[in-house]
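Okay, so here's the structure we're looking at.
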Amino acid sequence: MRRYAAYPDVQVQGCKSMVNFGKGHEAKGLVGACEGIQTVADAMEEHREIEDVQEVGCWALGALVVGHAENKHRAGESGGVEAVVDALKAFPGVEKLQQVGESHNAGNV
């Protein structure tokens, strides 16, 4: 994702991969240790105006932190939390994105 940071389509696909990594506790830890959470937050920062990057980035961050205390800390340190909040504010009328926020606010993160 970092090599092709300027390409939003690559960032969307990378974030989708991060969602899949978020399905296993060990994989979550490896992604976190390899700065994957920072990478997703950076992609969201770089492409603030691209709805797809914001949506999939939010899902990726959520998947990586659910049930993983260390990754929750990493998300806080890397700007991941701010990235999610900024995405929700930037796209208030986008139902799919708002569902991500509702999921996080319901205690799922």
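Kindly rank 36-45, 5-14, 78-87 from highest to lowest mean number of other beta carbons found within 10 Å of each residue.
36-45, 78-87, 5-14
Per residue and in cubic angstrom, what volume does the convex hull of the Cα atoms of region 4-109 have?
80
Got the relative contact order for the chain handy, in percent, Cα pairs under 8 Å and 6 or more residues apart? All intermediate terms of the calculation are to be shown ahead of the outcome.
Working: 139 pairs, mean separation 30.6, N = 109.
Relative contact order here is 28 percent.
I'd like to know which of 50, 32, 62 lies farthest towards the positive end of the charge dipole of the chain, counting +1 on Cβ of Lys and Arg and -1 on Cβ of Asp and Glu.
32
Sorted by accessible area (1.4 Å probe), largest first, how do 74, 3, 48 line up?
Per-residue accessible area, sorted high to low, gives 3, 48, 74.
Which length gain, in nm to one decimal place, applies between residue 94 and residue 35 when the Cα-Cα distance is subtracted from 0.36 nm times their residue separation?
So the chain would gain 18.4 nm between residue 94 and residue 35.
Rounded, prolate or oblate for region 1-52? Axes are the square roots of the Cα gyration tensor eigenvalues, ordered a ≥ b ≥ c, and the cut-off for rounded is a/c under 1.5.
Numbers: a/c = 2.32, a/b = 1.86, b/c = 1.25.
Prolate.
At 7 Å along the Cα-to-beta-carbon direction for both residue 45 and residue 13, put a label point, then send me their distance in nm to one decimal.
Distance between the two pseudo-spin positions: 2.5 nm.
Give the Rg (one decimal place) followed by the Dmax (whole number) of region 37-85, computed from C-alpha coordinates and expressed in Å.
9.8, 30
Could you please state how large a percent of the accessible area of the chain is carbon and sulfur, counting protein chains only and using a 1.4 Å probe?
52
Give me the one-decimal nm value for the distance between modelled label points at residue 26 and residue 70, 7 Å along each residue's Cα-to-Cβ direction.
That separation, rounded to one decimal, is 1.4 nm.
Under a Cβ-only charge scheme (Lys and Arg +1, Asp and Glu -1), can you give me the dipole magnitude of the chain about the Cα centre, in debye to the nearest 20? Please report the intermediate quantities before stating the final value.
Details: 10 positive and 16 negative charges, 66 e Å.
The dipole magnitude comes to about 320 debye.
The values are calculated or read from the model by the stated rules, or taken from the named source; none is laboratory data. Everything numeric here is computed off the predicted structure, so don't read it as measured data. Glycine also receives a Cβ, built like all others from the backbone with ideal geometry; neighbour counts cover every protein chain displayed. SASA here: full protein model, heavy atoms, side chains in, ligands and nucleic acids out. Shrake-Rupley method; radii C 1.70, N 1.55, O 1.52, S 1.80 Å.
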